[in-house]
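Notes for the one structure printed next.
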Amino acid sequence: MKYISTRGQAPALNFEDVVLTGLASDGGLYVPESLPKFSAEEIQSWAGLSYQELAFKVMKPFVADCMAEEDLKSLIDKSYATFRHKAIAPMVQTGHNEWVLELFQGPTLAFKDFALQFLGNLLDYILKKRDQKVVIIGATSGDTGSAAIEGCRHSDNVDIFIMHPHERVSDVQRRQMTTVIAKNVHNIALQGNFDDCQNMLKASFADQSFLPSDRRLVAVNSINFARIMAQIVYYFYSAIALGAPNREVSYSVPTGNFGDIFAGYLAKQMGLPIKQLIVATNQNDILHRCISANDHTKKTLVHSLSPSMDIMVSSNFERLLFDLYDRDGSAISQLMDGFKSGGMALTDTVMERLQSQFSSYRLDDDETVKVIAEVFEETEYLLDPHTAIGLKAGREVRADQETPVVNLATAHPAKFPDAVKKAVDIAEPPLPHHMSDLFEREEKYTVLENDIEKVHSYISDAL
């Protein structure tokens, strides 16, 4: 399988090279030249497979020309061996035809573990085969960083630098990153917001002259297609558990960077009978405004109780636009150039296509706290603030009551105690046993100005 850039000017690459390249040389994102398609009969035959067995079936077409089947199976097994629940992605029912898909059973208690445990092992496999060392630079709004560090901390071939917005992630999120004391792990607290971190990341990929000549950058953010590929699996897993392909399933997804729900869109294109994809956002609602009103203007980023969605530039939305504009790279380049100046307007035809594929909803902090309280009162099930936004969106804009709605639970509530304690009269939500001493561990991180020369100097000095 070949992968092409959303802006049409970069060379097509195979899977291995896409994993190591991240952002395309023309500034675009890599996507498969064509998607694998699964028939209803094939999906039906997967009923009863373990998560790992299903992951192999879904991922194999994406990597087939770069990896032996046994090697892929081994990587998958190793990646999900660290999850605390044997189902890997268990579901909990919270209402009539309403389910929460628990994507926080991995080692860092967030959905990012599904992709980054796999990506860490995949990078190790590729780099050892090529006898190559790389530098990872990541930007995180809270969860990607800890999952990436956990996935790559043991690799002899990787030095990893994670930028998080200083004082704009929860204490648990920060400590999950900064208490990993390892020679190849470097945490940067950037004085700015997540979009500043993401802009720094993209600028670093565009000009890598600050690196030693024998090193290159690799992306762990969802600009790396391997992450999207790994996330497609849990859509198939949950839908099959609820009766697919003989039954349609809808999904409500709390999302800021559009990666998680883009994986659902791809699952639908690959043959999974998804009736509705609901984009759930907090008050940083650029995705909701775009889908509902063709308003893609940047506004001032607000610090919220759901910080992993405090994003105003949703990188993966470009991958969707590429499809909506009939894979016209020049049209996407023009759109992205316009967006840099402050906004963009989609054509009427594209808006029709967009709204035929996605619904959307937004909640502010007060509404989010109310949902956490209401669901706990109804069911004694404790939601994190991101999941609460997704569940409320699913309730408000679901197409009907007959189709199951699966709400993606993107993080464990213990990662966001401030939001939980505002909603429910309980003590601090307990961390799982393996993380119970988190607040006693030594921290190590460096606060840097939002200045690319200073960041690049820090990285080059550390290598």
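Before moving on, here are some points about what is shown:
- Per residue accessible area of the range 102-196, 1.4 Å probe, in Å²: 27
- Debye intensity ratio I(q)/I(0), log10, the range 85-222, q values 0.15, 0.22 Å⁻¹ (C-alpha model): -0.76, -1.35
- The separation of the range 191-234 from the range 414-462, counted between C-alpha centres, amounts to 20 Å.
- The convex hull drawn around the Cα atoms of the range 1-50, when projected onto a plane and averaged over every direction, covers 4.6 nm².
- Counting only protein heavy atoms and a probe of 1.4 Å, the accessible surface of the chain is 45% carbon and sulfur.
- For the range 23-114, alpha-carbon Rg and Dmax in angstrom: 16.0, 48
- Alpha-carbon centroid distance for the pair the range 293-369 / the range 111-153, whole angstrom: 27
- The relative contact order of the range 248-298 comes to 38 percent, based on Cα pairs under 8 Å that sit 6 or more residues apart.
- Whole-Hz Karplus values for the range 13-24 come out as 10, 8, 4, 4, 5, 5, 4, 7, 8, x, 6, 5 Hz, taken residue by residue from phi with 6.51 cos²θ - 1.76 cosθ + 1.60 and θ = phi - 60°; glycine and proline positions read x.
- The simple spin-label model puts a point 7 Å past each Cα toward its Cβ; for S50 and A203 those points are separated by 4.7 nm.
- Pairs exceeding 28 Å between alpha-carbon atoms, taken from K60/K444; K183/K415; K60/K112; K57/K112; K86/K183; K133/K299: K60/K444; K86/K183; K133/K299.
- Computed over the range 419-463, the percent of Cα pairs more than 18 Å apart is 60.
- Within the same chain, lysines fewer than 8 places from K422 are excluded, and of the rest, those with a Cα less than 19 Å from its Cα are K370, K392.
- Stokes-Einstein translational diffusion, the range 204-320 - Kirkwood Rh over all Cα pairs, 0.890 mPa s, 25 °C, in µm²/s: 153
- In the range 103-183, one over the average inverse separation of all distinct C-alpha pairs is 12.9 Å, which is the Kirkwood hydrodynamic radius.
- Largest accessible area first, the listed residues E42, E102, E396 line up as E396, E42, E102 when surface is computed with a 1.4 Å probe on the assembled protein chains.
- Over the Cα atoms of the range 95-143, the radius of gyration divided by the Kirkwood radius equals 1.17; this is the Rg/Rh ratio.
- Grouping the Cα pair distances of the chain into 10 Å bins from zero gives a pair-distance distribution of 4, 22, 34, 29, 11, 1 percent in increasing distance order.
The values are calculated or read from the model by the stated rules, or taken from the named source; none is laboratory data. Because the structure is a prediction, the values reported are computed rather than measured. Note: ideal-geometry Cβ built from the backbone for every residue, glycine included; neighbour counts use all protein chains shown. Note: accessible area is taken over every heavy atom of the protein model, side chains too, but ligands, DNA and RNA are not part of it. Shrake-Rupley method; radii C 1.70, N 1.55, O 1.52, S 1.80 Å.
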